[in-house]
Amino acid sequence: MSQRKRSKGLGCSQMTDGEEDFSPSQVERYSQDQVNQKVSELVQFLLVKDQKKMPIKKADMLKSVFGKYRSCKEYKDLYSEIVNKAGRTLQEVFGLQLVEIDTKCPTYILINNLPRAEGKYPCRDKEKEKMGLLLIILSFIFMKGNSVKDSALWEFLNLLRVYPGKQHRVFGDVRKLVTDEFVHQKYLEMISIPLTDPREFKFQWGPRAEKETSKKDVLNFVAKGLVALVTGGGSGLGRATVERLVQHGARVVLLDLPTSAGGQLAQELGEHCAFAPADVTSPKEVGAALAVAQKHFGRLDLAVNCAGIGIAVKTYNSKKDKVHDLEDFQRVINVNLVGTFNVIRLSAQLMSQNKPDADGHRGLLVNTASVAAFEGQVGQAAYSASKGGIVGMTLPIARDLAPLGIRVVTIAPGLFSTPLLAGLPEKVRNFLGQQVPFPSRLGDPAEYAHLVQALAENPMINGEVVRLDGALRMQP
Ligand SMILES: NC(=O)c1ccc[n+]([C@@H]2O[C@H](COP(=O)([O-])OP(=O)(O)OC[C@H]3O[C@@H](n4cnc5c(N)ncnc54)[C@H](O)[C@@H]3O)[C@@H](O)[C@H]2O)c1
């Protein structure tokens, strides 16, 4: 064979001098048997590389086929034929797909193309712990919106007692493992954040993770994020609750009337929020909303009752000689009290199927009463009766559901700045705010949502009505 020295590099591959060189005419002389032999060698080479989960450079593939690094140009056709055949063998025999993950500096990985084992995360025993850690890290990044600062990642791993600097019993030097192995194997990408001093970095899923890992599987893996139903979620207190829960990693079914803004909000919040148009007074429609929770998110951990209406009508208006319409009274009771109970009873049934945590806890029901349950004002007979009913049933329902590990808590808000009050003139709103001892303002719906989260996080609060009113006591 002719010996021709070559010193030029091609593409990004580092081509070196060739010991065993081929001229194009010799390339053409390759017999089919020789090509098949090269295909087998390439398959073997790729399988060995895949053991280490290292991305494979095109230059290395060329080298494995032709001995030393060769020019892509000269061997283009033969090389393509060999690579295509090797790809087919990998696909047909091993269920692996050769995928190019970097076109600038041609680099390939092997992807397992076999159908996924439903709900299982198979991995080789030796690699188990390492892959487990990787899945946790990928899940964390995924739940944080696909990119996290490295400081946040280490903070999270610290909670799992995995420390970057120290030697870990299983993982050794964890910072080295994560930055060297997972980054080099293209599972993670580490990107420097501009204008930071000292320089900060963020992690995000790398191309291998994108291709090998289904985000749906990751979601199932980290499914400890709360699944919630929020009624009246299209407006005011309910809306703020939906937004906070989704921001904190929960998946939420937003129940509201079909005419509400719930559908639009759910669309804006993306795949972690599903809209269920329903009337809280309808057993069938609430049942359908709970079916959405089960179908889309697998279960229900929290139900928050925010749907409600209010009217201001005197029992008997002597000036107008007009008695309170009975239907209006019944309508308010029906939506606020009966609707709340309807959601509670059906939610409890679904929650009872949850696997209890170490404390025996299966779920939480949060209701919304009002300070009007205690200090109803003129014209609030129906509204106060409905909210008083919610306060009254809180303890007995908590007692009913205690054996199932389901808690029941009611929030009694004071005056909150929601569309319910938005219609009032600015002067009236300011006046109402000044009635609150401290802080002397209307409550922010986000403060209500914050309390819902606190209730969910504190398992000792049960059977209680919590006033959220800045010490407000309503005047007649
Ligand atoms: N805003 C306050 O100051 C305040 C104070 C005390 C109590 N509350 C109570 O808090 C709850 C929420 O009030 P808000 O201010 O957010 O009101 P809001 O009017 O902004 O929102 C109520 C939501 O409930 C929905 N809804 C009404 N009837 C429904 C039904 N039958 N089925 C399903 N959804 C229905 C509405 O479409 C709306 O989206 C109410 O129960 C209210 O009585 C509010």
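The values are calculated or read from the model by the stated rules, or taken from the named source; none is laboratory data. Quick caveat, the model's predicted, so the values are computed rather than measured. As a convention, Cβ positions derive from the backbone with ideal geometry for all residues, glycine included, and neighbour counts pool all protein chains shown. All accessible areas refer to the heavy atoms of the entire protein, side chains included, with ligands and DNA or RNA removed. Shrake-Rupley method; radii C 1.70, N 1.55, O 1.52, S 1.80 Å.
Nearest 20 debye, what's the magnitude of the dipole of the stretch 129-213 about its Cα centre given +1 on Lys and Arg Cβ and -1 on Asp and Glu Cβ?
Dipole size: approximately 160 debye.
Taking only protein heavy atoms into account and a 1.4 Å probe, give the accessible area per residue of the stretch 129-213 in Å².
Heavy-atom accessible area per residue stands at 54 Å².
Based on the mean of other beta carbon atoms within 10 Å per residue, what is the order of 32-40, 288-296, most packed first?
Top to bottom by mean Cβ count within 10 Å: 288-296, 32-40.
How would you order 231-239, 379-387 from highest to lowest mean count of nearby Cβ atoms within 10 Å?
Per-residue Cβ counts within 10 Å, averaged per peptide and sorted highest first, yield 231-239, 379-387.
Please compute the modelled spin-label separation between Ile111 and Ile461, points set 7 Å along Cα→Cβ, answer in nm with one decimal.
4.6 nm
If eta is 1.306 mPa s and T is 10 °C, what Stokes-Einstein diffusion coefficient results for the stretch 224-468, Kirkwood Rh from Cα pairs, in µm²/s?
This corresponds to a translational diffusion coefficient of 87 µm²/s.
May I have the count of lysine pairs in the stretch 129-213 with C-alpha atoms under 18 Å apart, counting pairs 8 or more residues apart or located on different chains?
Summing the qualifying lysine pairs gives 12.
Between Leu424 and Lys322, take the C-beta separation as r, use R0 = 25 Å, and let me know the FRET efficiency to the nearest 0.05.
So the FRET efficiency works out to roughly 0.60.
Please give the Cα centre distance for the stretch 241-260 versus the stretch 281-322, rounded to the nearest Å.
Going from one Cα centre to the other spans 15 Å.
At 7 Å along Cα-to-Cβ for each site, give me the label-to-label distance between Glu200 and Glu155 in nm.
Inter-label distance under the simple model: 0.9 nm.
Which percent of the accessible heavy-atom area of the stretch 412-476 goes to carbon and sulfur, probe 1.4 angstrom?
Carbon plus sulfur share of accessible area: 60 percent.
Under a Cβ-only charge scheme (Lys and Arg +1, Asp and Glu -1), can you give me the dipole magnitude of the stretch 394-450 about the Cα centre, in debye to the nearest 20?
80 debye
Per residue, how large is the accessible surface of the stretch 378-476? Use a 1.4 angstrom probe and give square angstrom.
With all protein chains present, the stretch 378-476 gives 51 Å² per residue.
Can you compute the charge dipole magnitude of the stretch 283-349 about its Cα centre, using +1 on each Lys and Arg Cβ and -1 on each Asp and Glu Cβ, nothing else charged? Give it in debye, rounded to the nearest 20.
The dipole magnitude comes to about 40 debye.
Quick one: pull the percent of accessible area on the stretch 129-213 belonging to carbon and sulfur, 1.4 Å probe, ligands and nucleic acids left out.
52 percent
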